[in-house]
Amino acid sequence: MSPTKSLSLPTPIERPRRLRASGALRDLIAETHVHPHDLVMPYFVVPGRSETQPIAALPGVSRYSVDTLLPQLERALKLGVRAVMVFGVVGQPEKSPGGEHAHDPRGPVPVALREARRHFGNDLVLMSDVCLCAYTDHGHCGLLRETPRGLVVDNDSSLSALARMALTHAEAGADIVSPSDMMDGRVAAIRQSLDAEGHSGVGILAYAVKYASAFYGPFREAAGSAPQPPPTPPPSAPPLIGGAGGGSSPSDRKTYQMDPRNAREALREAALDEREGADMLMVKPALPYLDILARLRGHTTLPLVAYFVSGEYAMLKAAARAGALDEGSAVAESLSAIKRAGADLILSYHALEALESRWL
Ligand code: PBG
């Protein structure tokens, strides 16, 4: 007996497989497309000249000095990428408790912004990360303060440092400044200082929903920004206050970045940043937080940005190198999933490689 005649079974009425029969058909009905202009490429910029420093934890990603960065930006533009996010990386001598180098107009980020603007005009949207962690000697995103309860990352004194940093970037030509520090009230502080200095046209992409994530590990190596205990603690120094709930130590960011267990709080953070004047909102990391992205999509009309972070990149690279999966397919699937969940834009270290290799 032939296998089809073995039993008398109901014939399917609905046949979704019809529309999956060929690549052309699948393309025709695909609900999500990732375009080059949906992608934002992150870059690490260092002082000096002729620098290309490969980052061991991020295979295929390097730190560039401004002169070697420009050809990379050209490459991005040629591939159809319209926006980049610039992160500054400085050496130990430039770091200080107050992170003053963050607002030095001769620092790597302001110089990169000025040069990129000069070379590419308005063809490339220039975004800059605004955060103190790469410039403070303790590696925290805000400034430290001694209190009767111990050493804390002080919210309000950090705001003026962040606002000055954002202003320096605006003066250097940034289109969009992007605070990633997670201090309360920083969007309002930055908005107010930009407006007061004539930069009302400079936008703010707020890292509104940024989780205290293990997936930032490789970035911290790239940026030399891992949080440390203060370099010279007084002998009786109380520990940095971490608080209860999963434990905390001076070398994590749990007192300011969000607890991965929380979702309602993400809506609150996003609403606050929107009210304070954010033009776009970010969720970060991406794949472990697609539920957050999808929920937020229903709560705001602002453009949503997802950061497919360093650890997510490194995981795919490692798995591909181990022969466990096909990198191109995994990257295409991941970026589509992030877009499907509600992201308008995706920051991804894979952006250029994905376009060059025609993975999308
Ligand atoms: C700075 C900052 C971090 C990232 C972006 N901005 C690191 C952190 O918060 O520790 C992470 C990006 C990535 O992992 O790719 N605050």
Margin query: It is to be established whether one or more residues within the stretch 237-247 are within 30 Å of Leu58 (Cβ to Cβ) and either at pLDDT 95 or above or not in a loop (DSSP other than H, G, I, E, B) (or both).
Written below: yes
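Looking at Arg118, Arg114, Arg106 in this structure, which one is open to solvent by 30 Å² or more (accessible area, probe 1.4 Å) and either at pLDDT below 95 or assigned to a loop (DSSP other than H, G, I, E, B) (or both)?
Just a single option satisfies the conditions, and that option is Arg106.
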Next item on the list: Please work out which residue is nearest to the ligand (Cβ to nearest atom), limiting yourself to the stretch 132-182 and to residues that are surrounded by 24 or more Cβ atoms within 10 Å (Cβ to Cβ) and of a type in the set (S, T, N, Q).
Entry: Ser178
Next item on the list: Could you pull out the residue among Ala306, Ala341, Ala332 that is open to solvent by less than 30 Å² (accessible area, probe 1.4 Å) and within 15 Å of the ligand (Cβ to nearest atom)?
Entry: Ala306
Note to self: Let me confirm something: among Ala341, Ala351, which residue is within 21 Å of Pro218 (Cα to Cα) and of a type in the set (Gly, Ala, Ser)?
What the structure shows: Ala351
Checklist line | Flag if Ala278 is out of contact with any Ser or Thr (no Cβ under 6 Å at 6 or more places or on another chain), at pLDDT 95 or above, within 25 Å of Val45 (Cβ to Cβ) and within 13 Å of the ligand (Cβ to nearest atom) | finding: no
Margin query: So Asp129 ticks every box in (1) outside any strand (DSSP E or B); (2) among the acidic types (Asp, Glu); (3) touching a Phe, Trp or Tyr at 6+ places or on another chain (Cβ under 9 Å) but one. Which box is left unticked?
Written below: (1)
Margin query: Please go through (1) within 27 Å of Arg253 (Cα to Cα); (2) away from the ligand (no atom under 16 Å from the Cβ) for Pro42 and return the number of the only condition it doesn't satisfy.
Written below: (2)
Margin query: From the list Arg82, Arg63, exactly one residue is charged (D, E, K, R), closer than 19 Å to Ile346 by Cα, at pLDDT 95 or above and surrounded by 14 or more Cβ atoms within 10 Å (Cβ to Cβ). Which is it?
Written below: Arg82
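Just to be sure before I move on: is Gly323 open to solvent by less than 10 Å² (accessible area, probe 1.4 Å), modelled with pLDDT of 95 or more and not in a strand (DSSP E or B) in the structure I sent?
Taking the combined requirement at face value, the residue does not satisfy it.
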Next item on the list: Name, by its number, the condition in (1) away from the ligand (no atom under 11 Å from the Cβ); (2) part of a loop (DSSP other than H, G, I, E, B); (3) under 28 Å from Thr300 (Cα atoms) that does not hold for Arg191.
Entry: (2)
Next item on the list: Those residues that are over 14 Å from the mean Cα position of the chain (by Cα), modelled with pLDDT of 95 or more and open to solvent by less than 40 Å² (accessible area, probe 1.4 Å), I need them from the stretch 200-228; list them, please.
Entry: Val202, Gly203
Margin query: Cβ-Cβ distance below 7 Å, separation of 6 or more or different chains: which pairs start in the stretch 292-315 with a residue that is in contact (Cβ under 8 Å) with a residue 12 or more places away in the chain and end on one that is away from the ligand (no atom under 16 Å from the Cβ) and among the charged types (D, E, K, R)?
Written below: Thr300/Glu274; Leu302/Glu274; Leu302/Asp279; Pro303/Asp344; Leu304/Arg297; Leu304/Asp344; Val305/Asp344
Notebook entry, point to check: For residues in the stretch 85-103 being out of contact with any helix residue (DSSP H, G or I) (no Cβ under 8 Å at 6 or more places or on another chain) and assigned to a loop (DSSP other than H, G, I, E, B), which is surrounded by the fewest Cβ atoms within 10 Å (Cβ to Cβ)?
Noted result: Gly91
Margin query: Which count do you get for residues in the stretch 296-318 that are assigned to a helix (DSSP H, G or I) and over 20 Å from Val34 (Cβ atoms)?
Written below: 3
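The values are calculated or read from the model by the stated rules, or taken from the named source; none is laboratory data. Quick caveat, the model's predicted, so the values are computed rather than measured. Reconstructed Cβ throughout: ideal geometry from the backbone, glycine too, with neighbour counts over all protein chains shown. Areas reflect the complete protein model, heavy atoms only, side chains present, ligands, DNA and RNA absent. Shrake-Rupley method; radii C 1.70, N 1.55, O 1.52, S 1.80 Å.
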